[in-house]
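K.L.:
Have a look at this one before I ask anything.
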Amino acid sequence: MKIIETDRLYLRELVLDDKNELSKVLSDPESMQYYPEPFNKERVENWIRWNINNYKKFNHGLWTVILKDGEKFIGDCGITMQTIDNETVPEIGFHIIKEFWNKGYATEAAIACKNYAFEVLNYPRIFSYTTITNVPSQKVAQKMGMDTYKIFENNGEQHIVQVAFNRKA
């Protein structure tokens, strides 16, 4: 079932059968360079289960991103509840398979998720949270209309939090 649809993409709930496709991004060292390490198959499966639980608990999570042209699985994108510097907030995250980078898909999916967060979930604000070195994700956040909220250190590494406000709230 489609949760969100854009011009080129649609987002649907992750299912365990997505494990092999999702592994193409979550197990790739370059794609996961801003994480402590790439995921093994078990962690990918746990990631999917975590999101399935999020759908039940929060009515959102990370969703599968499907390129309409060819019905191609290209990654995940969505909204998860994250505790950032002792504050639990809705955060937009995404992981796009390398061969689909620099085509605007992450931005397109993330903007659609931001609109969903505001229009469907009625969140007053939505966040992006990355390490200070993850410039590509920060650029997507800027394209979504996010501004710097705060910079802080966690486990010896600097992190940046960006935010967008729901102007209708």
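K.L.:
What number of residues within the range 42-66 are touching a residue at least 60 places away in the same chain (Cβ under 8 Å) and within 13 Å of the chain's Cα centre (by Cα)?
P.N.:
Here the count works out to 2.
K.L.:
Next question. In this structure, does ASN53 turn out to be more than 17 Å from ILE97 (Cα to Cα) and out of contact with any Ser or Thr (no Cβ under 7 Å at 6 or more places or on another chain)?
P.N.:
Yes.
K.L.:
Here is a follow-up. Could you give every pair whose Cβ atoms fall below 6 Å, whose first residue belongs to the range 131-160 and is more than 20 Å from GLU37 (Cβ to Cβ), and whose second residue is of a type in the set (Asp, Glu) and assigned to a loop (DSSP other than H, G, I, E, B), counting only separations of at least 6 or pairs across chains?
P.N.:
That search, which allows pairs on different chains as well, returns PHE152/ASP85.
K.L.:
Considering the range 155-167 alone, what residues qualify as being over 14 Å from ASN134 (Cα atoms), surrounded by 11 or more Cβ atoms within 10 Å (Cβ to Cβ) and among the polar types (S, T, N, Q)?
P.N.:
Result: ASN166, single match.
K.L.:
Identify, by number, the condition in (1) among the polar types (S, T, N, Q); (2) more than 16 Å from the chain's Cα centre (by Cα); (3) at pLDDT 95 or above that GLN142 doesn't meet.
P.N.:
(2)
K.L.:
From the set of residues in the range 8-41 that are more than 16 Å from ALA109 (Cβ to Cβ) and of a type in the set (S, T, N, Q), which is surrounded by the most Cβ atoms within 10 Å (Cβ to Cβ)?
P.N.:
For the range 8-41, the residue satisfying everything is SER23.
K.L.:
Could you tell me which residue of the range 67-95 is nearest to the chain's Cα centre (by Cα), considering only residues that are among the aliphatic types (A, V, I, L, M) and crowded, with 21+ Cβ neighbours inside 10 Å?
P.N.:
Just the residues of the range 67-95 that are among the aliphatic types (A, V, I, L, M), to begin with: 67, 74, 79, 81, 84, 89, 92.
Cutting the leftovers down to crowded, with 21+ Cβ neighbours inside 10 Å gives us 74, 79, 92.
Details: ILE74: 13, ILE79: 6, ILE92: 5 Å.
Taking the candidates together, the pick is ILE92.
K.L.:
Does TYR116 count as within 24 Å of GLN33 (Cβ to Cβ) and at pLDDT 95 or above? If you could, list the steps in order and put the result at the bottom.
P.N.:
Values: within 24 Å of GLN33 (Cβ to Cβ): no; at pLDDT 95 or above: yes.
The answer is no for TYR116.
K.L.:
Restrict the check to the range 114-122 and report whether at least one residue is more than 25 Å from ASP18 (Cα to Cα), surrounded by 18 or more Cβ atoms within 10 Å (Cβ to Cβ) and either in contact (Cβ under 8 Å) with a residue 60 or more places away in the chain or in contact with a Ser or Thr (Cβ under 8 Å, 6 or more places away or on another chain) (or both).
P.N.:
The answer is no; no qualifying residue exists.
The values are calculated or read from the model by the stated rules, or taken from the named source; none is laboratory data. From a predicted model like this one, the values you see are computed outputs, not experimental measurements. With ideal geometry, Cβ positions are generated from the backbone for all residues, glycine too; neighbour counts draw on all protein chains shown.
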